[in-house]
1. Taking Cα atoms, how many degrees apart are the long axis of helix 25-45 and the longest axis of the chain, rounded to 10 and kept between 0 and 90?
2. Using a 1.4 angstrom probe on the protein heavy atoms only, could you order L133, L138 from most to least accessible area?
3. What's the percent breakdown of Cα-Cα distances in region 1-83 across 10 Å bins, shortest bin first?
4. Per 0.36 nm of contour for each residue apart, how much would the distance between S94 and R127 grow if the chain were fully extended, relative to their Cα-Cα spacing?
5. Which of M117, A61, F96 sits farthest toward the positive end of the charge dipole of the chain, with +1 on the Cβ of Lys and Arg and -1 on the Cβ of Asp and Glu?
6. Just add up the charged neighbours of I81: K/R +1, D/E -1, any other residue whose Cβ is under 15 Å from the Cβ of I81.
7. Report ³J(HN,Hα) in whole Hz for each residue of region 122-139, in order, from the Karplus equation J = 6.51 cos²θ - 1.76 cosθ + 1.60 where θ = phi - 60°; Gly and Pro get x.
8. Charges on Cβ only, +1 for Lys and Arg, -1 for Asp and Glu, centred on the Cα centroid of region 1-134; of L75, S23, G43, which one is farthest towards the dipole's positive end?
Amino acid sequence: MLTKIGNLLGNVFGKLFGDSHHSSLEHRVFNTISLLFGIANLGGSLNFIDFDQYPIFLFLAHLVSGIIFLLFYYLSRFRSIYRVLYWPFLLLISGFLSISILRDAGSQGGSHYYMIMAVLVGTILARRIGQVLMSFVLF
């Protein structure tokens, strides 16, 4: 029974993020992160629909970045284009987090904690030490 469940989950994850036989670990990590960020940002945009309480800018930042993350997922997962998306991906994360920090009460809002995760993403997806250093400087 557990083997069947494990195989089913493996098949689902393989379809969503890429098969370990055909996709590198970095490719699958890029797929996973871009899909999760896309869904999270689109879902997060629903929190900011009340334009009387929140500026429309926060809604649009979440909505647009969510769509772009899903575009990155599509290009990476179904077109195998992910290496050239490394810097656009990191710049999108950096831009979105910077906007969130500035518009979400700075250090009281909590968005700055995601910068640590962003450095880890930049490090994991980097192909050269120069990319690691530049992503560290970026974040």
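1. 40
2. Working: L133 105, L138 65 Å².
So, going from the largest accessible area down, we get L133, L138.
3. Histogram of Cα-Cα distances, whole percents per bin: 19, 35, 25, 15, 5, 0.
4. Details: separation 33, 0.36 × 33 = 11.88 nm, distance 1.90 nm.
Fully extending the segment from S94 to R127 adds 10.0 nm.
5. Projecting each Cα onto the dipole axis, the largest value belongs to M117.
6. Working: positive: R28, R77, R79, R83, R127; negative: E26.
With Lys, Arg at +1 and Asp, Glu at -1, the neighbours total +4.
7. Karplus values, whole Hz, x for Gly and Pro: x, 6, 5, 7, 5, 9, 9, 4, x, 5, 4, 5, 5, 5, 5, 5, 4, 8.
8. Going by the charge dipole, the pick is S23.
The values are calculated or read from the model by the stated rules, or taken from the named source; none is laboratory data. Being a predicted model, the structure only gives us computed values, none of them experimental. Cβ atoms come from the backbone with ideal geometry, glycine included; neighbour counts cover every protein chain shown. Accessible surface areas use protein heavy atoms only, side chains included; no ligands, DNA or RNA. Shrake-Rupley method; radii C 1.70, N 1.55, O 1.52, S 1.80 Å.
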